[in-house]
Amino acid sequence: MKRKVLIMLFCMCIGAFSMGCSSDVFDQVSEEVTGLIDGSNSDDEDVEDLDVEEEAADTSKESSPKAEGKLKKDAVETITDGIYSSYLIASKKDEAGVPDETGAQQKIVYASELSDDVFCIAGSYGYRQNASQDVISVSEDGIFSFAVDKNTNYELQGGDGGPKVQTADEFKKQLADLADSELYLEITVENGVATNIAIST
């Protein structure tokens, strides 16, 4: 259909020439129309390529599994002092908060996110008021946030040499690397702020 339209335009140009257009104008128009017919001067392919690239970029942004702030916007703020604990098991999302074969609710964190002012987890956790107490409750599956500040301590516990204190950026990398490790995660909250966040290896 497109070729037929272009051929018609070419014919109209011939008619215009017969009515007095200069040969230079005719040559220029002929060259443009001929280029459109054989595709050499068409911008359609370039436009289509650009559209595909932009669409791919948009899809990449939307499909990013851990876009910054994704958990934070839906999180329930957790400010009650005490100790919150769970296990890093990204592959068992559907089992978070669900009773196991013994009837005990499973404590599973399947996603986490650490920023300058908040640490978020998705999953379920066990809660106790202090270190000498057993877990007294287990949450349902949800998204929870804990305030952090410059004084929050990040640790990788276990192994030789005792606890290893890390920077927030180092700990963020550990969270990503150990997301499905089944390792123990513990968050200590005092005065509404997480004072210590640790992964035990």
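The values are calculated or read from the model by the stated rules, or taken from the named source; none is laboratory data. Quick caveat: nothing in here was measured; it's all calculated off a predicted structure. With ligands, DNA and RNA removed, areas are computed over all heavy atoms of the protein, side chains included. Shrake-Rupley method; radii C 1.70, N 1.55, O 1.52, S 1.80 Å.
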Once Lys70 and Ser91 are pulled to full extension, the length gained, defined as 0.36 nm per residue separation minus their Cα-Cα distance, is 5.7 nm
With every protein chain left in place and a probe of 1.4 Å, what is the accessible surface of Asp94, to the nearest 10 Å²? 140
In Å, the Kirkwood estimate of hydrodynamic radius for segment 79-138 over Cα pairs equals 12.3
On the accessible surface of segment 134-201, probed at 1.4 Å with all protein chains in place, carbon and sulfur together account for a percent value of 47
